[in-house]
Amino acid sequence: MWKREPATQPENKSTPTPAQEISPTTLPRSERILDKMSANIGKSVIIKGELNGSEDLLIEGQIEGKIDLKEHLLTIGQNGRIHAEIHAKAVVVQGQVVGNIVASERVMIRENGSVVGDIVAPRVSIAEGAIFKGKIDMQGSRVGVGNVISQPMPESLPKPSADAPSKKDKVA
């Protein structure tokens, strides 16, 4: 009998619901990773001395001395300037590091990162455009590789001698 028209409500899609704002799955992956980090050293912070911690750390400031995060991830941001000995579970370099890095899992030098110093880690990745000057030791997880490389050649192989004639000296 009576025809009711459904009430028209204006759709406002520009305001997300609170559940949508908080949901971590709506964030890009890079922001979710940074969101998990619980400590941050800002651009204007300068630390001289020893830095120890028991949580993941993002450094955008300057550190001079020693950094010890043996069970955690250390990220040196694009503004980070480190002049220190570093010990961590994993290290990601996007800024500048001068000093040796020891990681129990991996070291990653991103395209804008630079490292001047030695690296000891089972996995190392250096992106195209990154700067690295030093030595890399990856034998921590593969014992014995260094022993094979450092051993002298077996005596059974002929060694070049100064008295031995070369191919040029042979007369046909």
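None of the figures in this text is laboratory data; all of them are computed from the coordinates on show. As the structure is a computational prediction, the values presented were derived from the model and not from experiment. Using ideal geometry, Cβ is built from the backbone for each residue, glycine included, and neighbour counts are taken over all protein chains shown.
A Förster radius of 22 Å combined with the Cβ-Cβ distance from residue 54 to residue 79 puts the calculated FRET efficiency at roughly 0.35. Across region 35-135, Cα pairs under 8 Å and at least six residues apart give a relative contact order of 17 percent.
Classification of region 35-135 by its C-alpha gyration tensor yields a rounded form. The axis ratio a/c (a ≥ b ≥ c) stays under 1.5. Taking 0.36 nm per residue of separation and subtracting the current Cα-Cα distance, fully stretching the chain between residue 39 and residue 105 would add 21.7 nm.
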